[in-house]
Structure formats: structure tokens, C-alpha cells
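Take a look at the structure below.
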Amino acid sequence: MKILVVFYSLYGHVYKMAEAVCAGARELSGVSVDLRRVPETLPKEILEKMGAIEAQKAFSHIPVCSVEELAQADAIIFGTPTRFGNMCGQMRQFLDATGSLWAKGALVGKVGSVFTSTATQHGGQESTILSFHTTLLHHGMVIVGLPYVFQGQMRSDEITGCSPYGASTIAGGKGERAPSENELAGARFQGKHVAQIASKLAR
């Protein structure tokens with residue numbers, strides 16, 4: 001059973017969530033988990049002006065994903081920050097290059113899942129995941145979210161991400177907020193849940 005976690009992260013928030021997703025998936029025996037990032041499309045000069053160069057060093061060792069790797073996985077869990085209520089341009093460009101996989105039906109029947117990050121509490125977490133699902137459905141993937149069995153998404157004693165659509169974190173307007181333990185727990189739960197569903201479908 002092979003799980004592929006594919007993410008884009010600008011300041012590291014989605015990367016931290018991706019690590020938690022991987023940890024959760026690895027809790028299931030017999031599961032192989034690979035972490036990949038999508039290609040960066042912003043010039044270095046722009047990244048420097050945005051103050052992202054130092055943050056990206058933390059995950060620069062993660063291999064860049066190739067389109068072909070998607071077809072080799074039993075389940076794919078995508079992580080993307082929100083851009084105006086939708087996935088980021090880097091993830092969109094990567095997915096736009098999967099036409100050859102679509103033509104062959106290479107992803108049909110594979111499990112697909114999404115997690116995200118926003119700057120604010122109501123900055124588009126749910127719309128980003130839901131709109132991402134459209135691409136997965138066009139590929140014929142089986143969508144898996146974050147069920148309410150993970151009760152951390154029902155908390156009202158603290159500000160937190162996570163919804164039935166997938167795990168999420170709130171980064172803060174200047175990226176000053178790290179993923180909370182509850183949000184990381186949601187990511188771990190999602191990773192394990194996806195692995196369990198993929199394992200059942202493979203039987």
C-alpha cells in the first residue's frame with residue numbers, strides 16, 4: 001500500500017501539516033508513505049521580497065513530485081495553502097499537467113484527500129478543499145475527508161482549523177501562528193483514515 005503526500009508550502013505551515021499527515025498514515029502497518037512537494041513557480045527575487053527563502057529551507061530537501069508518481073500511488077493526499085478561497089497557483093499548475101494521466105484513466109479508483117492552510121479563521125479553508133475536490137472527481141478519484149469521529153473539529157474552546165472536508169490550520173496574517181496541536185492531530189487522523197480506506201479498497 002503506497003500513500004503519496006503532495007504539498008506546496010510558502011512559509012512552512014502546510015509542510016508541518018504534511019508531516020503530521022505522513023505520521024498518521026504510517027501508523028497503519030504495511031503502508032509506505034512518500035512526501036513530495038510541487039515545483040515552485042515564483043522567481044527567487046519574489047520569494048526573497050516575501051521573506052519566504054529562509055522558511056523554505058526547512059523543506060528544500062523534500063523531492064519535487066513528478067506527474068508520473070501520482071499513478072504509482074494507491075492514495076494521494078494533497079496539501080495546499082489558500083489563495084482567494086482556492087488552491088494556490090503552484091498546485092494548480094502541477095495539476096494542470098496531469099492531462100496525460102486523465103486521458104489514460106490512471107487515477108481512477110485511487111483515494112484522494114486534501115488539507116489546507118489559511119491566513120485567517122474564515123479565509124476559505126472549506127472552499128479551497130471543496131473546489132480542489134472537483135479536480136479529483138474529474139480524475140475519477142474516491143474522495144475521503146475528515147469524519148466527525150475526529151472530534152477535535154467540534155471544539156469551541158479554542159480557535160482551530162479542521163472540518164469534515166479535511167484538516168486545516170490558521171497561519172495568521174503574517175504567518176506568525178504555527179499549526180496547533182489540535183490541527184496537527186486532525187492532520188494525523190486524516191492521514192491514518194485515508195490509509196485505512198485505501199487499504200479496504202485494495203482488498
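Observations, loosely collected:
- Per-residue HN-Hα couplings for the range 153-170 [Karplus 6.51, -1.76, 1.60; θ = phi - 60°; Hz; x = Gly/Pro]: 6, 9, 5, 10, 8, 8, 6, 8, x, 5, 8, x, 7, x, 5, 7, 9, 10
- Here T98, T160, T80, T116 are placed in order of increasing Cβ neighbour count within 10 Å, fewest first, which gives T98, T160, T80, T116.
- For M87, M1, M50, order by how many other beta-carbon atoms lie within 10 Å, fewest first: M50, M1, M87
- Per DSSP, loop trypsin sites (Lys or Arg not before Pro) in the range 67-176 with at most 15 further Cβ within 10 Å: R155, K174
- The range 2-202, relative contact order in percent, only Cα pairs under 8 angstrom and at least six apart counted: 27 percent
- The ranking of Y148, Y165 from fewest to most other beta carbons within 10 Å of each one's beta carbon is Y148, Y165.
- Taking the range 125-203 and dividing mean pair separation by its residue count, relative contact order in percent (alpha carbons under 8 Å, at least six apart): 26 percent
- Couplings 3J(HN,Hα) of the range 3-15, computed from phi: 10, 10, 10, 10, 9, 10, 9, 9, 10, x, 5, 5, 4 Hz, in residue order, whole Hz [Karplus 6.51 cos²θ - 1.76 cosθ + 1.60, θ = phi - 60°; x for Gly and Pro].
- Selected from A97, S113, Q125, residue furthest toward positive end of dipole (the range 68-199; charges at beta carbon): A97
- For the chain, DSSP calls about 10 percent of its internal beta bridges antiparallel.
- Under 27 Å, Cα to Cα: Lys pairs in the chain, sequence gap 8 or more or different chains: 21
- Å³ per residue enclosed by the Cα convex hull of the chain: 107 Å³
- On the principal axes of its alpha carbon atoms, the range 128-179 extends 37, 29, 12 Å, with the longest extent given first.
- One chain, two ends: L47 and R83. Fully extended at 0.36 nm per residue, the span grows by 11.4 nm beyond their Cα-Cα distance.
- Under the simplified labelling scheme, the Q93-E68 pair shows an inter-label distance of 2.2 nm, with each label point 7 Å from Cα along Cα→Cβ.
Values quoted throughout were computed directly from the atomic coordinates according to the rules given, and no laboratory measurement underlies them. Worth saying up front: this structure is predicted, and the values here are computed from it rather than measured. Don't worry about glycine lacking a Cβ; one is built from the backbone with ideal geometry, like all the others, and counts go over all protein chains shown.
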